[in-house]
Amino acid sequence: MTSILSEEQYKSCQLCPRRCGVDRTGGQVASGHSGFCRCTDHVMVARAALHQWEEPCLSGSPDGLPPAGEPVNSPAATGVSHGSGTVFFSGCTLGCCFCQNYPVSHERFGKEITIRQLADIFLRLQDEGAFNINLVTATQYLPSVVRALELVRNRLTIPVVYNCGGYERPETVRALTGYVDIWLPDLKYFDPTLASRYSQAANYFLYASRAIPQMIAQTGAPVMDENGLLRSGVIVRHMVLPGARTDSIRLLHWMKENLPVGQWLLSLMSQYTPAGDILHSSIRRFPELNRRITTFEYESVLNTAIDLGLTAGYMQQKSSAKEEYTPPFDLTGV
Ligand code: SF4
């Protein structure tokens with residue numbers, strides 16, 4: 001195992017691009033001198049359950065195509081109910097003011113569990129019929145997560161999905177070779193000003209633009225099984241934000257010019273909604289985000305993707321801006 005995934009990391013944490021260098025094993029977190037994510041070395045999880053709202057090739061879809069009029073990610077569209085075995089980790093290395101999982105990511109809602117308990121959760125989700133183990137925002141706990149995966153390596157037969165904000169060190173991605181089968185990164189911003197304003201990460205694109213090609217290099221082209229479920233590969237998610245369509249279009253051009261043809265899938269998302277999140281003080285500072293995207297905004301981005309030939313993957317319909325995509329965070333399955 002490479003050192004970046006060793007438990008020594010917790011003593012001078014460099015797991016994500018912030019490279020805080022703090023000791024997460026005790027004193028500094030307790031005294032308020034914590035890293036950006038404010039997480040200790042004890043894994044915390046907010047929910048571990050089957051989830052039907054991911055892309056059809058993750059949540060289950062007989063043919064990858066939704067019935068007419070259905071959002072591409074809806075259970076009705078997928079037609080299969082087992083779902084993705086999602087494990088929502090508490091805390092986050094980004095600070096997105098519009099996060100749909102705000103209580104989990106910003107307020108670190110969750111329950112502390114041991115590495116053995118985490119491993120047992122993976123096996124239980126598999127027994128419940130999960131099509132994959134979907135690690136949602138796990139970077140801050142990686143030394144523990146890989147140990148849990150090692151404990152079940154001989155019994156886990158479903159793929160492991162790394163569901164992240166795209167803000168990763170390429171070194172961390174490389175170290176996860178052999179642990180992760182499917183990468184599910186966001187690609188949120190091209191512009192550092194936007195990335196700083198909304199996610200407190202001016203260097204977001206600098207890192208995401210290196211991490212994502214590394215993910216693709218590790219998995220190669222997407223591999224589906226006979227049921228249309230993804231066994232390995234990379235899905236790059238991009239959610240269009242209010243007032244930021246030109247940034248979305250710049251990202252699409254970057255993807256076209258820099259990511260290898262046929263080696264990845266695009267998931268273009270229209271589901272941004274401020275509902276509920278507007279109560280959080282951070283989003284109140286950005287009133288321009290207090291609306292859904294317009295049809296014009298989404299269609300201009302969608303049409304750009306089509307014009308560029310970026311059609312391998314999933315494109316949500318504009319009607320997909322629904323809060324039901326966010327599951328209840330009530331410690332289910334933890
Ligand atoms: S995982 Fe947390 S403590 Fe470690 S470098 Fe990233 S933000 Fe800092």
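For the stretch 17-28, filtered to residues that are farther than 15 Å from T40 by Cβ and not small (G, A, S), the residue that is farthest from the ligand (Cβ to nearest atom) is P17. Within the stretch 114-142, the set of residues being more than 22 Å from R210 (Cβ to Cβ) and small (G, A, S) comprises A119, G129, A130. When L135, L125, L142, L149 are checked against the criterion of being closer than 19 Å to C39 by Cα and part of a helix (DSSP H, G or I), L142 stands alone in meeting it. Of all the criteria given as (1) modelled with pLDDT under 95; (2) more than 15 Å from the ligand (Cβ to nearest atom), the one not satisfied by S31 is (2).
Collect the residues in the stretch 143-162 that are within 16 Å of M215 (Cα to Cα) and within 16 Å of the ligand (Cβ to nearest atom), keeping them in residue-number order. Let's see the steps before the verdict.
In the first step, residues of the stretch 143-162 are kept if they are within 16 Å of M215 (Cα to Cα); the result is 159-162.
Across the stretch 143-162, the qualifying residue is only Y162.
Screening the stretch 103-152 for residues that are charged (D, E, K, R) and under 23 Å from E168 (Cβ atoms) and picking the one that is surrounded by the fewest Cβ atoms within 10 Å (Cβ to Cβ) gives E150.
For V223, are the conditions met, namely being crowded, with 23+ Cβ neighbours inside 10 Å and touching a strand residue (DSSP E or B) at 6+ places or on another chain (Cβ under 7 Å)?
no
Restricting the first member to the stretch 213-233 and to residues that are farther than 17 Å from I133 by Cα, and the second to residues that are of a type in the set (F, W, Y) and outside any loop (DSSP other than H, G, I, E, B), the beta-carbon pairs closer than 6 Å and six or more apart or on different chains are M215/W183. Modelled with pLDDT of 95 or more, closer than 30 Å to G313 by Cα and away from the ligand (no atom under 16 Å from the Cβ): does that describe S74? No; evaluated as a whole, the condition is false for this residue. As for the stretch 272-295, it holds no residue that is touching a His at 6+ places or on another chain (Cβ under 9 Å), assigned to a helix (DSSP H, G or I) and within 17 Å of M315 (Cα to Cα). Listed conditions (1) more than 19 Å from F190 (Cβ to Cβ); (2) surrounded by 14 or more Cβ atoms within 10 Å (Cβ to Cβ) are all met by R237, apart from (1).
Just one of (1) touching a Gly at 6+ places or on another chain (Cβ under 8 Å); (2) within 16 Å of the ligand (Cβ to nearest atom) fails for I121. It is (2).
The values are calculated or read from the model by the stated rules, or taken from the named source; none is laboratory data. Only a predicted model underlies this, so the values are computations on that prediction, with no experimental measurement involved. Methodologically, a virtual Cβ is constructed for each residue, glycine included, from the backbone with ideal geometry; neighbour enumeration extends over all protein chains shown.
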